[in-house]
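Undergrad: First the structure, which I've put down as structure tokens, then a few questions once you've had a look.
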Amino acid sequence: MGDVLGYARVSTGDQDVAGQMLRLEQAGAIKVFTDVRSGRSMDRPGLIALLDYARRGDTLAVVRLDRLGRSLAELLSTVTMLKERGIALVSLEERIDTGSAAGELVFHVFGAIAHFERRLIAERTKDGILAARARGKRPGRQPLDQEKAAAALKLVAAGLSPTMAARQLGLGRSTVYREVSRAGIRRGVKPPSTSRSPRNPPSPGLCDS
């Protein structure tokens with residue numbers, strides 16, 4: 001029979017893992033690995049160290065399932081990885097033990113729910129695109145208003161900063177910077193005139209007083 005290894009995580013340094021560690025040790029954990037990280041951070045050295053230490057037949061114990069993942073999909077991914085390595089999972093508060101038939105059944109149900117959610121999101125996205133097209137709107141990034149872009153270039157050439165030009169015209173700042181760079185315009189330096197010279201310039205004699 002393998003060992004029970006505990007994993008405790010708190011989101012900020014203001015929280016204390018001592019309570020989790022005590023409960024895990026009371027549940028039989030011979031060693032507890034800890035992380036003080038946000039649930040949004042994928043960098044969890046404590047969990048990585050536990051997985052490196054664990055061997056086939058061991059059990060990973062947590063106080064709650066949310067200590068292992070910030071979402072159902074992430075949790076299921078971790079459980080699948082543990083199963084492939086022959087490591088069971090025990091959650092004290094949810095009373096789930098994947099080493100038992102009942103515990104494994106629970107995660108099969110969770111997996112079905114996660115699959116249903118993914119399909120539902122995909123269908124809603126598809127319906128939204130179709131509805132937008134029916135209203136005459138094209139999904140995705142809107143095309144750049146060329147008149148506004150030209151006006152922004154003139155403002156920058158006149159000495160206004162790209163940020164202010166973007167604000168005045170309702171354009172994105174990065175868009176104005178990109179157009180300025182593309183046009184080779186420097187702030188306060190007017191772009192070279194593109195107007196054509198007169199087709200028939202006046203005779204020098206006509207210009208003399």
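A short reminder: the numbers here are calculations on the coordinates, not readings from a lab. Predicted, not measured: the structure shown is a model, and the values here were computed from it. Note that we place each Cβ from the backbone using ideal geometry, even for glycine, and neighbour counts take in every protein chain shown.
Undergrad: Just to check I understand the Karplus step: with θ = phi - 60° and J = 6.51 cos²θ - 1.76 cosθ + 1.60, what whole-Hz values come out for segment 86-95, glycine and proline as x?
TA: x, 10, 7, 10, 10, 10, 5, 6, 7, 6
Undergrad: Using per-residue counts of other Cβ atoms within 10 Å, averaged over each peptide, order 102-108, 54-60 from highest down.
TA: Going by the mean number of other Cβ atoms within 10 Å, highest first, we get 54-60, 102-108.
Undergrad: Sticking with this structure for a sec: Which FRET efficiency value, to the nearest 0.05, is calculated for S181 and L144 with the Förster distance at 22 angstrom and r the Cβ-Cβ distance? Mind showing how you got there, number by number?
TA: Values: r = 14 Å, r/R0 = 0.65.
Efficiency, from the Cβ-Cβ distance: 0.95.
Undergrad: Can you give the convex hull volume per residue for the Cα atoms of segment 4-98, as a whole number of Å³?
TA: On the way: hull volume 8.2 nm³, N = 95.
Considering the Cα atoms of segment 4-98, their hull volume per residue is 87 Å³.
Undergrad: Give, as ranges by residue number, the residues of segment 82-101 whose backbone N falls under 19 Å from the point 7 Å along Cα→Cβ of H115.
TA: In segment 82-101, the label zone of H115 (backbone N under 19 Å from the point 7 Å along Cα→Cβ) covers 82-84.
Undergrad: In addition: Taking the beta-carbon count within 10 Å as an exposure proxy, list R67, R135, R37 from fewest neighbours to most. Can you show the working numbers first?
TA: Values: R67 21, R135 7, R37 18.
Ascending number of Cβ neighbours within 10 Å: R135, R37, R67.
Undergrad: I need the phi-derived Karplus couplings for segment 148-159: 6.51 cos²θ - 1.76 cosθ + 1.60, θ = phi - 60°, integer Hz, Gly and Pro marked x.
TA: After applying 6.51 cos²θ - 1.76 cosθ + 1.60, I find 5, 5, 5, 5, 5, 4, 5, 5, 5, 5, 7, x Hz.
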